[in-house]
Amino acid sequence: MSILGTRVVRTEDPVFLTRGATYTDDLTDERLTGALHLTLVRSPIAHATITSIDVEAAKEAPGVVAVFTGADVDLAPALLFPAANPAMVRPFLATDRVRYVGEAVAAVLTEEAYQGEDAAEMVDVDYEPLDVVVDMKDALTDEVLLFPEAGTNSVTKMHFAKEEAPEDLFADCEVVVSKEIVNQRVAAAPLETRAASAYWGEDGRCTIFCSTQNAQSARDEVAGWMGLDTKDLRLILPDVGGGFGAKIGADPEFALVGWLSKKVGRPVRWNESRSENMTGMVQGRGQLQTITIGGDRDGTVKAYRLDLIADAGAYPRLGVVLPMFTRMMAPGTYDIPKVWSTAKVVATNTTSTAAYRGAGRPEATQAIERAMDLFADAIGMDPAELRKKNVVKPEQFPFTTKGGAEYDSGEYAKAIDLALEASGYDELRAEQKRRREAGDPLQLGIGVSSYVEITGGGAFVENATVEVHADGTVTVLTGTSPHGQGHATAWAMLASDQLGIPVDKITVIHGDTDLIPKGAGTMGSRSLQTGGIAVHNAAVELVEVAKQRAAERLEANVDDLVVENGTVQVKGTGSGISLAELAGADELKVYHEWDGKKPTFPFGAHVALVEVDVESGKATVERIWAVDDAGPVLNPLIFDGQRHGGIAQGIAQALLEEVVFDSEGQPLTATFADYGIPSAAELPSFDLVSMETPTPINTMGYKGIGEAGTIGSCPAVQNAVIDAVSHLGVEHIDMPLTPLRVWEAIEEARK
Amino acid sequence: MKVEITVNGERTSADVEPRTLLAHYLRENVGLKATNIGCDTTSCGACTVLVDGESVKSCTVLAVQADQLSVQTMEDLGMDHPVTAAFRQEHGLQCGFCTPGMVMAAVGLIDENPDLTEADVREGLEGNLCRCTGYHNIVRAVLVAAGKDPDAAQAEGTDDKTISPGFSAGEGAA
Amino acid sequence: MIPVGFEYERPDSVAAALALLAEHGEGATILAGGHSLLPVMKLRLSAPEIVIDIGRLTELNYIRVDGDGADSHVAIGAGTRYRDLVISDVLAAECALLPAVARTVGDPQVRHRGTIGGGLAHGDPAADIPAAVLALDGEIVLRSPRGERIVPITEFYTGVFSSVKEPDELLVEVRVPRTGATGWAYEKFTRRSNDWAIVAVSVVTLPSGRRQLGLVNMGGTPLRALATEAALEQGKSIEEAAALAAEGTEPPADNAGTPEYRRHLVTVLAKRALKTASA
């Protein structure tokens, strides 16, 4: 029996649970001996010109080796996303102007970490405040400009429509509903903050240890910023304590750490505090959407329009591109004849935005799933029925949507049915009715979401090297970059499946650009369908190589050979030769590069049951039933773990989390005391329902699962809370559905 | 100022600034790096260790406050400990950053109340944040470590939470 | 983040602690469990020159019934940790509101360190314990080299994070009446389990039969719902009385709630707490 599809506990865990994982700040690597500690002085003001910086007092503080300001840094300010307005560059330390609270203005290097905070307080910066723009619509007026030389706050033309919107989009619709909704800004908040350490070797090469989701592209970025040839820069990733999209690529601080190390001729370490992280690390979502949906009273949806504004923050980064995914996935699981979308991206005096679990797709799903509920409400149809009536049918695959995506495989109605069945949907509705009639202060809400998303979008190529050693152990090198996803176990399973060598003899190595110069890392739920397939294919090839060699040694026909338990055997005989022995004779190693050429489209349906205390406005998720179909399951333990984490983050966005800036650009949620990450006490256990529909894109049928839970759960929960109070006249409430928001919506509806 | 702290059964000692946080003492002075620091506000619990057998957040305890006391960190447990074993078996960790604190909070919790329900576990871990697991498998792991059947306890816990007069979610549930 | 550097003293008696306080004046701060003080020191919102650690003074760690007859009350040493309140048999029998309130403070780790005296002295209007002690008509015992004085909790707080305690005084004890095991309730409303209360209401029934309500986060100090209490005395229904709970309050505005929301919420929580306490 194949190991694939079985519940294998993780090989990484014994170390993680005994001495603990080794994150960047944990490194005791001797190359970092004598490292200085970097403390960054950050702007407390959202928009200002810097009139002076006095570092003299700080230089005299105990333990201070050097203090640098923007005037000292000879790295060219960087355009952090290629398609952004070229004037919107970010200096590595601010020079004349700061554009958000948390922008780095000075770098303090001290012998001890504790000395850094003391000295940083002594750096005296004079700011001349400028008008601040936080609201996206205000920013679009260009009255307050972040980059006067750009002449606009509009970040990019990449999403501009190539033609005019059709005027007759909703002409043949009996019912049209439109609503402006907010997909609020959230913080990825991985438990490990950002960190980097750098040293320069005698060979003139720079090595940076850092926390990122993709070593190789981070290397390319940092090398570009530092003006280095990529061959002169090595990135090494120790264990990475979560990323959720916010650690895609490199942060400018990584290059600064490398530059400082060169400047002072000593290794430099940087590990930010949580307070720095909550303003300095890129944030996610942040879209203002206008949704318009039209159709007939029989429940036929005929047209859908999505107009969105995305908040890039002060210095445009990966967030600039995400509306592309939002627009592509706008119609969701539905076969809607007419779909139109527009997107604008605007700079504001806030933290930059980038990917957060789902990255552009959750925004699309939230919009269409709210639209479906609004439409169901308008025509008086059950929201689950409406969805089933309009989803793409199995026989329509592969299905090219009006958003421009080519859905590979799916049974969307079946997923909805499985979720409904698991939840006991009809009984839930009956109980909801009973509570409504009784005027119970604890009302029930039932929310349904149907979703499809893209995984492995954008980076289709990945590589793997599989090598069998003479001692019978195996090394797998991968270009993916796990930070909690269990690749050490999963990739070992894929190799073990072919080689017949147990997983505990297989070591998976990743995240060292000298050992693995190519690779695209872990993001967009891409790893299994790209890197995993590469490992599988490499192992398949290695078996073929081994058979060829064994055929000569055993004087047998290759077709008569099989690999079992790490040995090439002649079928039906006792004779054979182990892979280890073959490796002892000659290197037994295969490098494979796999190009899937296309993304895959996992899908599913969630049903959420919430209880809303209508007197206080507090909503609690009681149950959530999730169907998440990402094709065959490699390891159910890890697969379900990804779903759990994703579901929790979706619930958290729906109910609790929001990054808030006041009108002066001051962050009001810059600590974990203020930002609403849920604990175990705010969440229920999750009910997972299995469904496996393979993709034809790869031989194993695998799709990605990393973000599905978030994409499915968030709209289900938002819909559920609104459903719980819809009989009181509430039509919509923006996320997060805090007690305050829910209560205010009920009060508003009562008036 | 000189402190002497017994860490994982061994006497340690160092001359530290009074402001030295216990978490930094463990990491920098003793060299035990499992204990992590995830926030500035005593919120996340990644730094949880036991002081004289009780869970505390070592980012909010001064090393001098632990002078002459006994501290236990995750490094002391080993994989044969019921809590670490259960975390592995139930996949109660992903990126691993919250894990040392979560594990020690769980050890303290089980010690204080061996007869845990799902609700007890969830409330008992309210001071520890995890961003990866959604807590589902952490809760299972703690129940397993406490000798409970996680399937029964989670089903039971859910019903407890959901049932209100005249309603049982169990009826409709798969 | 780490605190600004400071001098550290760990006196071995209350008397020695008082002498240090007298010596160093306003530059000195008392450290007990540290769970009010260290967080603000780490954020550098507070930077005392000298920290006097009273965390090991076992003479401040007790829960007992003191006094005779009508004067008898529960005396709680300022160094008593929240955890000790939660598991106290004396409190379970004599003043069961307090352990119930203590159980909601922070999280288990916080309760293992934080003390009742520290929480009372800190005076955060969003804290749980001060409003409960207020509902109980408790008394605060302050000691200094000048002697000891007893301040009714109603006269203790003067504003946000401020009280009548002088810099040379140490909060050594809190006294609460013997209200028994029943007739109380605590309704704490938060977004997350270990958040500070958006609003909370404690209800206690005094030996006289009078019901009193302490309000959390409804103004710059803990408050009583005096209008509600008066209405109850007049025999009004719980619903009628609870509807008056916001009278005389000036609740704050923040991310979690507007003043209007808090005024509403306090009536809901008062109603629920009164119903529970009366059940």
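The values are calculated or read from the model by the stated rules, or taken from the named source; none is laboratory data. Predicted, not measured: the structure shown is a model, and the values here were computed from it. Neighbour counts are summed over all protein chains in view; Cβ atoms, including those assigned to glycine, are modelled from backbone coordinates with ideal geometry.
For the range A:234-244, which residues satisfy the criterion of being in contact with a strand residue (DSSP E or B) (Cβ under 9 Å, 6 or more places away or on another chain) and buried (at least 24 other Cβ atoms within 10 Å of the Cβ)?
A:L235, A:L237, A:V240, A:G241, A:F244
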Q | Identity of the residue in the range A:447-471, over 30 Å from A:K589 (Cα atoms) and part of a strand (DSSP E or B), that ends up farthest from the other protein chains (Cβ to nearest Cβ) | A | A:V452
Q) Looking at the range B:98-117, which of the residues that are more than 14 Å from chain C (Cβ to nearest Cβ) and over 12 Å from the mean Cα position of the chain (by Cα) is modelled with the lowest pLDDT? A) B:P114
Q) How many residues, within the range A:107-144, are assigned to a loop (DSSP other than H, G, I, E, B), buried (at least 18 other Cβ atoms within 10 Å of the Cβ) and out of contact with any helix residue (DSSP H, G or I) (no Cβ under 7 Å at 6 or more places or on another chain)? A) 3
Q) If you take the residues in the range A:660-679 that are hydroxyl-bearing (S, T, Y) and within 11 Å of chain C (Cβ to nearest Cβ), which one is nearest to the chain's Cα centre (by Cα)? A) A:Y675
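Residue-wise test of (1) out of contact with any helix residue (DSSP H, G or I) (no Cβ under 6 Å at 6 or more places or on another chain); (2) hydrophobic (A, V, I, L, M, F, W, C); (3) closer than 28 Å to C:T190 by Cβ.
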{"residue": "B:H81", "(1), (2), (3)": "yes, no, no"}
{"residue": "B:F97", "(1), (2), (3)": "yes, yes, yes"}
{"residue": "B:A105", "(1), (2), (3)": "yes, yes, yes"}
{"residue": "B:D115", "(1), (2), (3)": "yes, no, yes"}
{"residue": "B:E126", "(1), (2), (3)": "no, no, yes"}
Q: Considering only the range A:219-244, state which residues are in contact (Cβ under 8 Å) with a residue 40 or more places away in the chain, in contact with a Leu (Cβ under 8 Å, 6 or more places away or on another chain) and farther than 19 Å from A:T33 by Cα.
A: A:R219, A:W225, A:M226, A:G227, A:G241, A:G242
Q. So which of C:L98, C:L91 is part of a helix (DSSP H, G or I), without any contact (Cβ under 8 Å) to a residue 40 or more places away in the chain and closer than 22 Å to C:L215 by Cα?
A. C:L91
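Taking the conditions exactly as written (within 14 Å of another protein chain (Cβ to nearest Cβ), crowded, with 22+ Cβ neighbours inside 10 Å and not β-branched (V, I, T)), does A:G486 satisfy them or not? Before you say what the answer is, go through the steps one by one.
Details: within 14 Å of another protein chain (Cβ to nearest Cβ): yes; crowded, with 22+ Cβ neighbours inside 10 Å: yes; not β-branched (V, I, T): yes.
Yes, satisfied.
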Q) Where residues in the range A:611-636 are within 11 Å of chain B (Cβ to nearest Cβ) and farther than 14 Å from A:V689 by Cα, which of them is surrounded by the fewest Cβ atoms within 10 Å (Cβ to Cβ)? A) A:T620
**Q.** Among (1) crowded, with 21+ Cβ neighbours inside 10 Å; (2) within 30 Å of A:S261 (Cβ to Cβ); (3) out of contact with any helix residue (DSSP H, G or I) (no Cβ under 7 Å at 6 or more places or on another chain), the one test that A:A187 misses
**A.** (3)
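Report whether or not A:L688 is under 24 Å from A:Y412 (Cβ atoms) and either in a loop (DSSP other than H, G, I, E, B) or within 14 Å of another protein chain (Cβ to nearest Cβ) (or both).
Working: under 24 Å from A:Y412 (Cβ atoms): yes; either in a loop (DSSP other than H, G, I, E, B) or within 14 Å of another protein chain (Cβ to nearest Cβ) (or both): yes.
It is true that A:L688 is under 24 Å from A:Y412 (Cβ atoms) and either in a loop (DSSP other than H, G, I, E, B) or within 14 Å of another protein chain (Cβ to nearest Cβ) (or both).
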Q. Given the conditions (1) within 14 Å of chain B (Cβ to nearest Cβ); (2) of a type in the set (D, E); (3) under 18 Å from A:D628 (Cβ atoms), and given that A:E682 satisfies all but one, which numbered condition is not satisfied?
A. (3)
Q.
touching a residue at least 40 places away in the same chain (Cβ under 8 Å), assigned to a helix (DSSP H, G or I) and crowded, with 24+ Cβ neighbours inside 10 Å: which single residue out of A:A378, A:A359, A:A355, A:A367 fits that description?
A. A:A367
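If a residue must be more than 30 Å from A:T669 (Cα to Cα) and small (G, A, S), how many such residues does the range A:151-200 contain? Outline the logic, then answer.
Taking the range A:151-200 as the starting set, the residues that turn out to be more than 30 Å from A:T669 (Cα to Cα) are A:151, A:157-178, A:198-200.
Keeping just the survivors that are small (G, A, S) gives A:151, A:161, A:165, A:171, A:178, A:198.
Total meeting the criteria: 6.
Being in contact with a strand residue (DSSP E or B) (Cβ under 7 Å, 6 or more places away or on another chain), within 30 Å of A:A551 (Cβ to Cβ) and modelled with pLDDT of 95 or more narrows it down to one residue among A:L655, A:L588; which is it? Steps first, answer last, please.
On the way: A:L655 fails: within 30 Å of A:A551 (Cβ to Cβ).
Residue meeting the stated conditions: A:L588.
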Q | Residue list for the range A:485-508, filter: β-branched (V, I, T), under 26 Å from B:R131 (Cα atoms) and assigned to a helix (DSSP H, G or I) | A | A:T489
Q: State all residues of the range C:43-59 that are crowded, with 19+ Cβ neighbours inside 10 Å and either out of contact with any Phe, Trp or Tyr (no Cβ under 6 Å at 6 or more places or on another chain) or more than 10 Å from chain B (Cβ to nearest Cβ) (or both); if no residue qualifies, say none.
A: C:P48, C:I52, C:D53, C:I54, C:G55, C:L57
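Have a look at A:L444, A:L420 and point out the one that is part of a helix (DSSP H, G or I) and either buried (at least 24 other Cβ atoms within 10 Å of the Cβ) or in contact (Cβ under 8 Å) with a residue 24 or more places away in the chain (or both).
On the way: A:L444 fails: part of a helix (DSSP H, G or I).
Answer to the selection: A:L420.
Find the strands (runs of 3 or more DSSP E) located wholly in the range C:167-225 whose residues include 2 or more that are of a type in the set (G, A, S) and buried (at least 24 other Cβ atoms within 10 Å of the Cβ), and list them. Show your work before the answer.
On the way: elements: C:170-176, C:185-189, C:199-205, C:211-216.
Per the criteria, C:199-205.
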Q: Would you check if C:V40 is within 12 Å of chain B (Cβ to nearest Cβ), without any contact (Cβ under 8 Å) to a residue 60 or more places away in the chain and touching a strand residue (DSSP E or B) at 6+ places or on another chain (Cβ under 9 Å)?
A: no
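Select from the range A:261-271 the residues that are more than 21 Å from B:I37 (Cα to Cα) and crowded, with 24+ Cβ neighbours inside 10 Å and list them in ascending order.
So in the range A:261-271, the residues more than 21 Å from B:I37 (Cα to Cα) come out as A:261-267.
Answer for the range A:261-271, where residues must be more than 21 Å from B:I37 (Cα to Cα) and crowded, with 24+ Cβ neighbours inside 10 Å: just A:S261.
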Q. What is the number of the single condition among (1) in contact with a His (Cβ under 8 Å, 6 or more places away or on another chain); (2) within 14 Å of another protein chain (Cβ to nearest Cβ) that C:R192 does not meet?
A. (1)
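B:R131: part of a loop (DSSP other than H, G, I, E, B), within 20 Å of A:F672 (Cα to Cα), basic (K, R) and facing another protein chain (nearest Cβ under 8 Å), yes or no?
Numbers: part of a loop (DSSP other than H, G, I, E, B): yes; within 20 Å of A:F672 (Cα to Cα): yes; basic (K, R): yes; facing another protein chain (nearest Cβ under 8 Å): yes.
Here the answer is yes, as B:R131 does meet what is asked.
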(Q) Suppose we filter the range A:699-722 for residues that are surrounded by fewer than 24 Cβ atoms within 10 Å (Cβ to Cβ) and polar (S, T, N, Q); how many remain? (A) 1
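This table checks each residue for (1) over 30 Å from C:Q109 (Cβ atoms); (2) touching a Cys at 6+ places or on another chain (Cβ under 6 Å); (3) touching a residue at least 24 places away in the same chain (Cβ under 8 Å).
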residue	(1), (2), (3)
C:R192	no, no, no
C:I198	no, no, yes
C:G209	yes, no, no
C:A225	yes, no, yes
C:A230	yes, no, no
C:E233	yes, no, no
C:T249	yes, no, yes
C:P252	no, no, yes
C:R272	no, no, yes
Q | Cβ-Cβ under 6 Å pairs, at least 6 apart or on other chains, the range A:154-176 side touching a residue at least 12 places away in the same chain (Cβ under 8 Å), far side crowded, with 17+ Cβ neighbours inside 10 Å and in a loop (DSSP other than H, G, I, E, B) | A | A:V155/A:A84; A:V155/A:N85; A:V155/A:P316; A:T156/A:A84; A:V176/A:F170
